[in-house]
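Undergrad: Mind having a look at this structure? Questions to follow.
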Amino acid sequence: MQIAGTVTAKLAVPIDEAGLIRAAQKGDQDAFERLVRAYDQSVLRVAMNLLRSPEEARDVYQEAFLKVYKNLHLFRFDCSFHTWLYRIVTNICLDHLRRRKVRKEESTVVETSDGPMDRAATLEEDSPRGNPERQMWNAQLSDRIQRALGQLTPRERTVFELRHYEGLRLRAIGDMLGTTEEAAKNCLFRATQKMRASLESLL
Amino acid sequence: MSVSGYAENAGQFGKSVMNCSDFAQDIALYCYGELTGEAEERLEDHLAGCQVCREELDHQKLFMDAMNDRPEELDFGVLAECRQTLRAQVATTRPWSWNNWFRNVQIPVGAMALVALGWLGAHYTPERFGGVRAGLGTPPLFSSVRSVEPDASGRIQISVDDVTRRVVSGDPNDPHIQALLLTAVREESNPGIRVESIGILQSRAGTEEVRRALLDAVSHDPNSAVRLKALQGLKTYSASADVRQTLASVLLKDDDPNVRVQAIDLLTAHRDDALVGVLQQIVEKEDNAYVQSRCMKTLQAMRASVGTY
Ligand SMILES: [Zn+2]
């Protein structure tokens, strides 16, 4: 569990990142791989959390790091490598989210012979131990959170994910999304308002 | 936990009056530590005297805690697979490197330029290459399906557009080769090919068409390596009015500092008193130290004031 608002970017930044980048720019594949490993857990987690699909998260991972590999020579150290990488990653994720916007968000409500039933209400049966009531509450909440996140626009969802879960500053997020800090602030606020409205009965 | 329905508990700050509803966004940003010092102080003052907003703050915190209940998900199996796939892909992909294109682009003028371009089939027919050797490659490079229709007998009719590759070779001064290179500069999606084409064309920047293509590339190409290469091509023409106008607009608009550094060098190579206004604007908005100091020095040399005040 994280405490939002206080977490800083959860990244294992290597000691000599600039050295690694320069070596990778000169074609050192080993250096490139070490650079990837410094960031790839965070990239995969963001893609997974934003897209909720291991297949798509895998695609984002490949697409993003290949793009980095092919364009690393253009990186001129005028922003942090992290910002540069996340700009690539978030844009690819946004593309995926927009492309799929037409598709309907997965619902937990399933049709049964007894009429519609919420799968979330039956999840506690899978929990092996602990307070069953608490388990059920948690399962229900995390399911509702996923559905609430699904109601945000791709941009709101991305800003929320990066600020709340990745702990990035709104200024950096604005930079990654090619917009202003002010716009990122408004976007985060809209996202929290929408989320709170759809989680109202649980809070 | 409705956010609307605030009591009209107004606070007075300077000339502006803020209501509780005006603080809603500040409260959310406050919880994320994203308020400026001034806004934070203003909010805390208000919170001290407003029960409604204190409750709103509690709701926001409750919401944020609840959001943290999402399980951390990182499947290390998936991560390992991703790393393996990437390693395999990197091993077969050549990174685009400046060294590579410097080696490739230094083609002596007069030598044969060999250009293999995937889009040739779509743009040119063999008849248009009178004096140029043109061979038709057999297998299609790209096929795109235009339509799919079942016919009455149950067979399927698919209409396919094929794009084939041909190799055209000729002297760089050959007008056909130049026409192809110009098309490549404007239409080719691979920036590497755009850079190479500009590299070959730049010796001919004196001709109207080439010069217009280079100016367009400087102003509009999305890839900064291409914009840089096109700037190099215009170097010898940095005294002419249309080039200078483009350079000024690059300095004000281009988001790549390397491109702006090139542009300021070219622009300030000639003394030009008409530039004072533009240089003053650049000094104000430029965040690259080199570009800024170059502008200031030029302004000082012209005995113009550095600011626009
Ligand atoms: Zn209030």
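The values are calculated or read from the model by the stated rules, or taken from the named source; none is laboratory data. Note that this is a predicted model, so its numbers are computed, not measured. Using ideal geometry, Cβ is built from the backbone for each residue, glycine included, and neighbour counts are taken over all protein chains shown. Note: accessible area is taken over every heavy atom of the protein model, side chains too, but ligands, DNA and RNA are not part of it. Shrake-Rupley method; radii C 1.70, N 1.55, O 1.52, S 1.80 Å.
Undergrad: Would you pick out the residues in region B:166-181 that are surrounded by 19 or more Cβ atoms within 10 Å (Cβ to Cβ) and in a helix (DSSP H, G or I)?
TA: Filtering region B:166-181 down to residues surrounded by 19 or more Cβ atoms within 10 Å (Cβ to Cβ) leaves B:168, B:170, B:172, B:177-178, B:180-181.
Across region B:166-181, the qualifying residues are B:I177, B:Q178, B:L180, B:L181.
The rows are residues; the columns are (1) farther than 17 Å from B:A205 by Cβ; (2) touching a helix residue (DSSP H, G or I) at 6+ places or on another chain (Cβ under 7 Å); (3) not in a loop (DSSP other than H, G, I, E, B).
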site	(1), (2), (3)
B:R227	no, yes, yes
B:A230	no, yes, yes
B:T236	no, no, yes
B:A239	no, no, no
B:L247	no, yes, yes
B:N258	yes, yes, yes
B:Q262	no, yes, yes
B:V283	yes, yes, yes
B:R303	yes, no, no
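Undergrad: Let me ask something else. Take the conditions open to solvent by 10 Å² or more (accessible area, probe 1.4 Å) and at pLDDT 85 or above and apply them to B:T246. Does it pass? Spell out the reasoning first.
TA: On the way: open to solvent by 10 Å² or more (accessible area, probe 1.4 Å): yes; at pLDDT 85 or above: yes.
When the stated conditions are applied, B:T246 passes them.
Undergrad: Of everything in region A:61-87, what is surrounded by fewer than 20 Cβ atoms within 10 Å (Cβ to Cβ) and among the hydrophobic types (A, V, I, L, M, F, W, C)? Give them in sequence order. Reasoning before the result, please.
TA: Within region A:61-87, the first condition is being surrounded by fewer than 20 Cβ atoms within 10 Å (Cβ to Cβ), and the residues that meet it are A:62-63, A:66-67, A:70-71, A:73-83, A:87.
Once the filter is applied, which keeps residues that are surrounded by fewer than 20 Cβ atoms within 10 Å (Cβ to Cβ) and among the hydrophobic types (A, V, I, L, M, F, W, C), region A:61-87 yields A:L66, A:L74, A:F75, A:F77, A:C79, A:F81.
Results for (1) within 10 Å of the ligand (Cβ to nearest atom); (2) open to solvent by less than 60 Å² (accessible area, probe 1.4 Å); (3) in contact with a helix residue (DSSP H, G or I) (Cβ under 8 Å, 6 or more places away or on another chain), shown as yes or no for each residue.
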position: B:N19; (1), (2), (3): yes, yes, no
position: B:F23; (1), (2), (3): yes, yes, yes
position: B:C31; (1), (2), (3): no, yes, yes
position: B:E41; (1), (2), (3): no, no, no
position: B:A48; (1), (2), (3): no, no, no
position: B:R54; (1), (2), (3): yes, no, yes
position: B:L57; (1), (2), (3): yes, yes, yes
position: B:L62; (1), (2), (3): no, no, no
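Undergrad: Take B:G11 and decide whether it is more than 14 Å from chain A (Cβ to nearest Cβ), near the ligand (Cβ under 10 Å from one of its atoms) and either surrounded by fewer than 19 Cβ atoms within 10 Å (Cβ to Cβ) or modelled with pLDDT under 95 (or both).
TA: On the way: more than 14 Å from chain A (Cβ to nearest Cβ): yes; near the ligand (Cβ under 10 Å from one of its atoms): yes; either surrounded by fewer than 19 Cβ atoms within 10 Å (Cβ to Cβ) or modelled with pLDDT under 95 (or both): yes.
It is true that B:G11 is more than 14 Å from chain A (Cβ to nearest Cβ), near the ligand (Cβ under 10 Å from one of its atoms) and either surrounded by fewer than 19 Cβ atoms within 10 Å (Cβ to Cβ) or modelled with pLDDT under 95 (or both).
Undergrad: Exactly one condition in (1) open to solvent by 30 Å² or more (accessible area, probe 1.4 Å); (2) more than 10 Å from chain B (Cβ to nearest Cβ); (3) part of a helix (DSSP H, G or I) is not met by A:R58; state its number.
TA: It fails just one condition, (2).
Undergrad: I'd like the full set of residues that are without any contact (Cβ under 8 Å) to a residue 24 or more places away in the chain and either in a loop (DSSP other than H, G, I, E, B) or surrounded by fewer than 17 Cβ atoms within 10 Å (Cβ to Cβ) (or both), limited to region A:143-177.
TA: Across region A:143-177, the qualifying residues are A:T153, A:R169, A:R171.
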